[in-house]
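**Student:** Attaching a single structure in structure tokens format; questions to follow.
The values are calculated or read from the model by the stated rules, or taken from the named source; none is laboratory data. Computed from a predicted model, the values in this text were never measured in an experiment. We place every Cβ from the backbone using ideal geometry, glycine too, and count neighbours over all the protein chains shown.
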Amino acid sequence: MQSGARTLDDAQTTAAPSTAPELDTWHGALPAPILQPNLLRGSTAMGPPPVEGQQGRAVVLEEEVDLMVLEYLAHAGFDRTVNAMKQQLHERREGRQAAWRPVGPDMQDHVKAKMLKALSRGERGAVMQLWQNFVPPLTRRTDRQAQKLEFYLQIWFAIYAAHPSNPSPQPAALTQSMLEFKRYLETDGAALAVTPEFLAYYAMPYVPEISRHPSFKDLFTVEWGLALKARLSDFLSVTPQFAAEPRILAICRSYRQIGGGAQPAPTPAEAHPVATAAHEVVLIIHV
């Protein structure tokens with residue numbers, strides 16, 4: 001790269017050092033406030049304590065959710081998925097399966113910083129893995145801004161090999177990156193094919209010397225890369241679902257709080273006073 005040229009790292013904001021764990025390793029202490037299964041056991045901050053099942057065994061929230069997911073998968077006919085989940089739950093009980101992924105403000109800052117750094121380096125695999133792990137599927141499918149941002153991220157990785165922000169450009173690698181972009185257009189990106197904003201980009205894999213083509217030359221500027229980086233940063237900052245607790249946990253916790261869930265069957269000694277009084281009146285009448 002020519003001397004004095006700027007890269008996306010020039011615009012990297014300074015962030016406080018994070019003590020969060022590596023994103024592919026979930027063992028060990030986690031920064032608070034972060035959701036861990038043990039925090040759910042009897043913690044009023046994270047929900048009610050374990051409740052008793054009809055056989056008297058305590059059922060903690062995360063176990064109840066696991067069983068509900070298994071019930072749904074079996075009902076929907078995902079038999080292979082059911083078997084795989086049962087195996088992983090068994091491994092977790094034996095300590096061979098990682099605990100739940102951490103979530104919360106600290107993890108949001110950590111993931112965001114890691115994504116922006118990987119974006120500047122053109123690390124497609126790292127960025128998209130974090131995107132898929134920490135931006136919920138429902139958000140990615142229904143949020144139009146999320147769909148557009150993902151499309152532009154795919155464009156960035158398709159052209160990064162020859163982009164001026166790349167400190168080690170490799171124009172010959174464009175062939176492979178365009179093949180990956182073409183696969184994206186034929187699968188997840190197909191839904192945006194009818195959107196005028198993106199229609200022209202579907203021709204990118206077939207354009208020779210794309211960096212010189214007048215329709216796409218603006219993509220090959222440092223300014224466009226910086227704008228994409230800012231767009232990703234802003235989206236992650238204003239999206240509450242990013243690196244947050246899964247909605248199913250909040251739903252199940254609320255259900256417990258209003259009296260649903262794995263509640264025990266009432267015993268005669270625990271019957272409602274009105275019901276008890278009515279029963280006594282019936283006995284008196286029959287005597």
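**Student:** Taking the stated definitions as given, is LEU219 at pLDDT 95 or above and closer than 27 Å to VAL103 by Cα? Even if it seems obvious, please write down each step before you answer.
**Tutor:** On the way: at pLDDT 95 or above: yes; closer than 27 Å to VAL103 by Cα: no.
No.
**Student:** While we're here: Quick check: is even one residue across region 170-189 farther than 19 Å from LEU119 by Cβ, touching a Phe, Trp or Tyr at 6+ places or on another chain (Cβ under 8 Å) and surrounded by 12 or more Cβ atoms within 10 Å (Cβ to Cβ)?
**Tutor:** yes
**Student:** If I filter region 190-203 down to residues being of a type in the set (Phe, Trp, Tyr) and in contact with a Phe, Trp or Tyr (Cβ under 9 Å, 6 or more places away or on another chain), which single residue comes out as surrounded by the most Cβ atoms within 10 Å (Cβ to Cβ)? Spell out how you get there, then give the answer.
**Tutor:** First, pick out the residues of region 190-203 that are of a type in the set (Phe, Trp, Tyr): 198, 201-202.
Now narrow it down to the ones that are in contact with a Phe, Trp or Tyr (Cβ under 9 Å, 6 or more places away or on another chain): 198, 201.
Details: PHE198: 18, TYR201: 22.
So the residue we want is TYR201.
**Student:** Within region 149-169, is even one residue under 30 Å from PRO208 (Cβ atoms) and surrounded by fewer than 16 Cβ atoms within 10 Å (Cβ to Cβ)? Spell out how you get there, then give the answer.
**Tutor:** Kept after step one, since they are under 30 Å from PRO208 (Cβ atoms), are these residues of region 149-169: 149-169.
Adding the requirement that they be surrounded by fewer than 16 Cβ atoms within 10 Å (Cβ to Cβ) leaves 167-168.
Looking through region 149-169, at least one residue is under 30 Å from PRO208 (Cβ atoms) and surrounded by fewer than 16 Cβ atoms within 10 Å (Cβ to Cβ).
**Student:** I would also like to ask the following. Give the number of residues within region 204-217 that are without any contact (Cβ under 8 Å) to a residue 12 or more places away in the chain, surrounded by 10 or more Cβ atoms within 10 Å (Cβ to Cβ) and outside any loop (DSSP other than H, G, I, E, B).
**Tutor:** Selection size over region 204-217: 2.
**Student:** Please determine whether any residue of region 193-201 is in contact (Cβ under 8 Å) with a residue 24 or more places away in the chain, under 27 Å from PHE242 (Cα atoms) and part of a helix (DSSP H, G or I). Step through it out loud before you land on a result.
**Tutor:** Our first condition is that a residue be in contact (Cβ under 8 Å) with a residue 24 or more places away in the chain; within region 193-201, this holds for 197-198, 201.
With the extra rule that they be under 27 Å from PHE242 (Cα atoms), the set shrinks to 197-198.
Next, from what is left, pick out any that are part of a helix (DSSP H, G or I): 197-198.
Within region 193-201, one or more residues are in contact (Cβ under 8 Å) with a residue 24 or more places away in the chain, under 27 Å from PHE242 (Cα atoms) and part of a helix (DSSP H, G or I).
**Student:** Only residues in region 112-127 that are in contact (Cβ under 8 Å) with a residue 24 or more places away in the chain count as the first member; pair them with residues that are of a type in the set (Gly, Ala, Ser) and in a helix (DSSP H, G or I), Cβ under 7 angstrom, at least 6 apart or cross-chain, and list the lot.
**Tutor:** Within 7 Å, the pairs are LYS112/SER233; LEU116/SER233; VAL127/ALA118.
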